[in-house]
Amino acid sequence: MNAAADDSIHVSVLAERVVALLAPALSDPGSVVVDTTLGLGGHAEALLDACPEARLVGLDRDPQALAAAGERLARFGERATLVHAVYDELPMILDRLGHHQVRGVLFDLGVSSLQLDEPSRGFAYSRDTPLDMRMDPTQGPTAADVLNTYPAAELTRILRVYGEERYARRIADAVVRERTRQPLTTSGRLVDLLRAAIPASNRQVGGHPAKRTFQALRIEVNGELAALEGALPAAVDRLAVGGRVVVLSYHSLEDRLVKRTLSALAQPDVPPGVPVVPPGHEEVLRLLTRGAEKPTAAEVESNPRAQSARMRAAERIREGRLSSSGGGAV
């Protein structure tokens, strides 16, 4: 997620720390690093500047973001290859480009500043805009489609699981009632509905009362967690020994998934209590961060959208293809 104040150039979250973690793996000529969520190219630019021997493959599902990043990275010429793709397509993209292994992978999850700041994209609940929320506006259902077609039970599940919304059922029932009168198509009308559905005593718990519902809709519309669940092990699978993966997440669901995946690969792939680890079942990763690192107070002050960021990183320490369980290499 690239973030910044409205009146300045977009600033990438934890950019210096991201470079510090990835740069040691990118010193050899021709080293390849993949930015799986290119956004406006801030992290990519910092990496290419800091690692002059490295080449970058940048993926993004948003054509508008790709165009903007392309202009930003044009000065690097053939060192930067940009591809319109979702990050779970990473293995196919690398095969097509002839990169069997890479030295670094970055996931910067969440919504980019371009998407948040563009009213027509419908990601922000602070203004009245169409309920779109697609990261790739060229395909797939919108948030309005979800709200106006999903049954109450499915809406409840999405809000409860993806938004961790305490009042998921109340909100779902209110949505179903409201859409029978007129389809929900704008964020302003949805925010009004949420304010009415959530008890007054709880409207400010955990921030804006629309925050959790908008998060849930965005995750559903873009299939974010499903894509990440497959993409993260696939990225580790393509890392060379000594290669590194860095993940920035912005809500607890993402961070738990990242923690679970990296922690499993940083342990031997054997049942608990096995006294001797057989060859080929040792841990695949070495964790580079102690828990999830957070931005400093100074960074949050200069870049408020960094506040919820959580960063985890790991280094590949052993060869071998990951097993189907994701718990080791074979």
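The values are calculated or read from the model by the stated rules, or taken from the named source; none is laboratory data. Because the structure is predicted, anything quoted here is derived from the model rather than measured. Virtual Cβ from ideal backbone geometry, glycine too; neighbours counted across all protein chains shown. Remember, those area values only see protein heavy atoms, side chains included, never the ligands or the DNA or RNA. Shrake-Rupley method; radii C 1.70, N 1.55, O 1.52, S 1.80 Å.
In table form, for the structure just shown:
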| item | result |
| --- | --- |
| Hits in the range 119-164 - residues which are aromatic (Phe, Trp, Tyr) and in contact (Cβ under 8 Å) with a residue 24 or more places away in the chain | PHE123, TYR125, TYR162 |
| Residue satisfying condition, being modelled with pLDDT under 90, in contact with an Asp or Glu (Cβ under 9 Å, 6 or more places away or on another chain), within 23 Å of ARG103 (Cβ to Cβ) and open to solvent by 20 Å² or more (accessible area, probe 1.4 Å), within set VAL277, VAL330 | VAL330 |
| Unmet requirement for ALA226, which otherwise passes all of (1) modelled with pLDDT of 95 or more; (2) within 20 Å of MET311 (Cα to Cα); (3) surrounded by fewer than 18 Cβ atoms within 10 Å (Cβ to Cβ); (4) not polar (S, T, N, Q) | (1) |
| Odd one out for SER263 among (1) over 14 Å from ARG316 (Cα atoms); (2) among the hydroxyl-bearing types (Ser, Thr, Tyr); (3) surrounded by fewer than 18 Cβ atoms within 10 Å (Cβ to Cβ) | (1) |
| Residues satisfying the stated conditions in the range 115-161, i.e. modelled with pLDDT of 95 or more, of a type in the set (Ser, Thr, Tyr) and farther than 14 Å from SER187 by Cβ | THR149, TYR150, THR156 |
| Residue, modelled with the highest pLDDT, within the range 176-204, restricted to residues that are under 14 Å from LEU131 (Cα atoms) and among the charged types (D, E, K, R) | ARG179 |
| Pick from the range 265-292, criterion in contact with a helix residue (DSSP H, G or I) (Cβ under 7 Å, 6 or more places away or on another chain) and outside any loop (DSSP other than H, G, I, E, B), ranking: farthest from GLN215 (Cα to Cα) | LEU285 |
| Qualifying residue in the range 153-163 (condition: within 22 Å of the chain's Cα centre (by Cα), among the small types (Gly, Ala, Ser) and surrounded by 18 or more Cβ atoms within 10 Å (Cβ to Cβ)) | yes |
| Answer from ARG260, ARG238, ARG256 - the residue that is free of Cβ contacts under 8 Å to residues at least 24 places away in the same chain and farther than 30 Å from ASP132 by Cβ | ARG260 |
| Single condition ASN303 does not satisfy, out of (1) under 30 Å from GLY140 (Cα atoms); (2) touching a residue at least 12 places away in the same chain (Cβ under 8 Å) | (1) |
| Residues (open to solvent by 70 Å² or more (accessible area, probe 1.4 Å) and in a loop (DSSP other than H, G, I, E, B)) located in the range 296-312 | THR296, GLN307 |
| Members of the range 241-266 found to be under 24 Å from ASP88 (Cβ atoms) and out of contact with any strand residue (DSSP E or B) (no Cβ under 6 Å at 6 or more places or on another chain), listed by number | TYR250, HIS251, SER252, LEU253, GLU254, ARG256, LEU257, LYS259, ARG260, THR261, SER263, ALA264 |
| Meets criteria (outside any helix (DSSP H, G or I) and under 18 Å from VAL236 (Cα atoms)) for VAL18 | no |
| Tally, over the range 129-146, of residues that are more than 14 Å from ALA210 (Cβ to Cβ) and part of a loop (DSSP other than H, G, I, E, B) | 10 |
| Selected residue [in contact with a Ser or Thr (Cβ under 7 Å, 6 or more places away or on another chain) and either at pLDDT 95 or above or open to solvent by 20 Å² or more (accessible area, probe 1.4 Å) (or both)] from VAL245, VAL236, VAL241, VAL258 | VAL258 |
| Residue that is surrounded by the most Cβ atoms within 10 Å (Cβ to Cβ), among those in the range 71-84 that are over 20 Å from ASN222 (Cα atoms) and touching a residue at least 24 places away in the same chain (Cβ under 8 Å) | ALA80 |
| Residue within the range 251-264 that is under 18 Å from the mean Cα position of the chain (by Cα) and outside any helix (DSSP H, G or I) present | yes |
| Counted residues, the range 38-67 - those being of a type outside the set (Gly, Ala, Ser), part of a loop (DSSP other than H, G, I, E, B) and open to solvent by less than 50 Å² (accessible area, probe 1.4 Å) | 5 |
